[in-house]
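Some notes on the structure that comes next.
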Amino acid sequence: MIRPTLSLTAAVAALIAASSALAEPTVERSVKVAPGGLYEIVFNPADDTVLVAAVGPRGANAAAIASLSADLTPGRTIDVSANPLYGLALNSRTQTLYGTDTRTGLISAIDLATGRVVANIGSDRENAHVRQVVVDEAANKVYVSEVGGRGANTLSSRIWIIDGATNTLERQIDVDAVLTGLAVDAAGGRVFSTDMTANEVVVVNLASGEVAHRWATGTESAINVAYDAAGDRLFVASQGTGELTVMKASDGSVIQRVPTGAGALSVAFNGAVDQVYVANRQAGTVTVVDADDYSVLANLQTGTFPQTIAIDRATNAVYVTNKARGLPRDAPAGAPVPVDPTGDTVTIIRP
């Protein structure tokens, strides 16, 4: 009597596993997030919260870091109106949130326990175009891409290295490029960045401060990059051609190019489920790509302008910010802000 029971149990388990394997990624829900003007998003595993950079409507002085629970229930907000933040990165060990104030060229460090800004870190350049921020938690280092230009008559791009223990600028590396996205290989002592005009991945040796490689993506407007250390791969999102490029991180060779959607902007990788996520800003979709065979598993409508992506590594939930349609820069004073039901939202995707 025991053997049939075990066989039945094994059969049921196999059926459940097969059903799970066949499940397609789906959108679970989306919620509006005040005060709007959403940019980057991070997940905090210490308290299972989602933190969102919300700069507010154009012309308003209402920038905040909005906190949501894992199921997107609104929580506290941290007022950052003095220095509105766009890019975000979290050191979950020290519970310090870092944000880029692109308007003034400052990096803000926020102590999440108190909600206080404990440092504003700048450089010798006023209004530096700081963009992407990445944290190496083990070394307590913070890396920032500063967008510059190419040629003798322009300011170079820079990679900032910040000491997280003191929240001070440790050094900067000048790069003749237009750097945007950023990923760090801490073990290999390398930084990968995207040059949006040359459509290259620029590899910088952190020890020497020299450019080690420039690898062509074969795309247009390569803007963001994610690094897969275990698989020796880079995942690059390109806005101009609306695609994901998979490259070998050891030599820059192109493994695969996958069309995703217009305005491919952000990219994230989760090795636990072997999936890559690409936010396609103009298409209004997030493309889910199988990281094994590079097939497209789903194109999910998330909101008006999908911006950035964060992953809860414990549950594998994927969180996406969606920016709203706003007023044009030349709109007259007092012009009504367009009503956009699917903008200024955060969406949960279940893989």
Inset, instruction - Would you check if residue 195 is in contact (Cβ under 8 Å) with a residue 24 or more places away in the chain, acidic (Asp, Glu) and over 24 Å from residue 105 (Cβ atoms)? - result: no
Inset, instruction - Give 236, 225, 184, 201 a once-over and let me know the one that is closer than 19 Å to residue 156 by Cα and among the hydrophobic types (A, V, I, L, M, F, W, C). - result: 201
Inset, instruction - For residue 337, work out the one condition from (1) of a type in the set (Val, Ile, Thr); (2) touching a strand residue (DSSP E or B) at 6+ places or on another chain (Cβ under 7 Å); (3) modelled with pLDDT under 95 it doesn't fulfil. - result: (2)
Inset, instruction - Take the residues in segment 231-267 that are in a loop (DSSP other than H, G, I, E, B), without any contact (Cβ under 8 Å) to a residue 60 or more places away in the chain and touching a Lys or Arg at 6+ places or on another chain (Cβ under 7 Å), then tell me which one is surrounded by the most Cβ atoms within 10 Å (Cβ to Cβ). - result: 263
Inset, instruction - Take residue 183 and decide whether it is of a type in the set (A, V, I, L, M) and more than 27 Å from residue 91 (Cα to Cα). - result: no
Legend entry - Count - residues of segment 226-284 that are more than 21 Å from residue 26 (Cα to Cα) and among the aliphatic types (A, V, I, L, M): 11
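Condition test on residue 89, is it part of a loop (DSSP other than H, G, I, E, B) and over 15 Å from residue 172 (Cα atoms)? Give the steps one after another, and end with the answer.
Numbers: part of a loop (DSSP other than H, G, I, E, B): no; over 15 Å from residue 172 (Cα atoms): yes.
Criteria not met by residue 89.
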Legend entry - Selected residue [under 13 Å from residue 244 (Cβ atoms), of a type outside the set (Gly, Ala, Ser) and either buried (at least 22 other Cβ atoms within 10 Å of the Cβ) or in contact (Cβ under 8 Å) with a residue 60 or more places away in the chain (or both)] from 286, 320: 286
Inset, instruction - Those residues that are small (Gly, Ala, Ser), more than 16 Å from residue 102 (Cβ to Cβ) and at pLDDT 90 or above, I need them from segment 152-165; list them, please. - result: 156, 164, 165
Inset, instruction - Scan segment 164-199 residue by residue and report those that are under 18 Å from residue 125 (Cβ atoms) and of a type in the set (Lys, Arg). - result: 171
Inset, instruction - Select from segment 141-156 the residues that are surrounded by fewer than 21 Cβ atoms within 10 Å (Cβ to Cβ) and touching a strand residue (DSSP E or B) at 6+ places or on another chain (Cβ under 7 Å) and write down the one among them that is nearest to residue 173 (Cα to Cα). - result: 156
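Would you say residue 302 is of a type in the set (S, T, N, Q) and under 21 Å from residue 323 (Cβ atoms)? Walk me through it before giving the result.
On the way: of a type in the set (S, T, N, Q): yes; under 21 Å from residue 323 (Cβ atoms): yes.
Taking the combined requirement at face value, the residue satisfies it.
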Inset, instruction - May I ask you to list pairs of residues, at least six apart or on different chains, whose Cβ atoms are under 9 Å apart, with the first in segment 71-82 being within 17 Å of residue 28 (Cβ to Cβ) and the second being at pLDDT 95 or above and assigned to a loop (DSSP other than H, G, I, E, B)? - result: 72/33; 74/33; 74/34
Inset, instruction - Would you mind finding the one in 149, 75, 99 that is closer than 26 Å to residue 221 by Cβ, assigned to a strand (DSSP E or B) and either modelled with pLDDT of 95 or more or of a type outside the set (A, V, I, L, M, F, W, C) (or both)? - result: 99
Inset, instruction - Would you tally the residues in segment 286-336 being closer than 23 Å to residue 86 by Cβ, in a loop (DSSP other than H, G, I, E, B) and of a type outside the set (A, V, I, L, M)? - result: 9
Inset, instruction - Scan segment 26-72 residue by residue and report those that are of a type in the set (S, T, N, Q) and part of a strand (DSSP E or B). - result: 26, 30, 44, 49, 67, 69
Inset, instruction - Specify which of the listed residues (77, 96) is within 30 Å of residue 157 (Cβ to Cβ), among the β-branched types (Val, Ile, Thr) and surrounded by 14 or more Cβ atoms within 10 Å (Cβ to Cβ). - result: 96
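The values are calculated or read from the model by the stated rules, or taken from the named source; none is laboratory data. Owing to the predicted nature of the structure, the values given are computational and were not obtained by experimental measurement. When we count neighbours, we look across all protein chains shown, and the Cβ atoms used for this are built from the backbone with ideal geometry, even at glycine.
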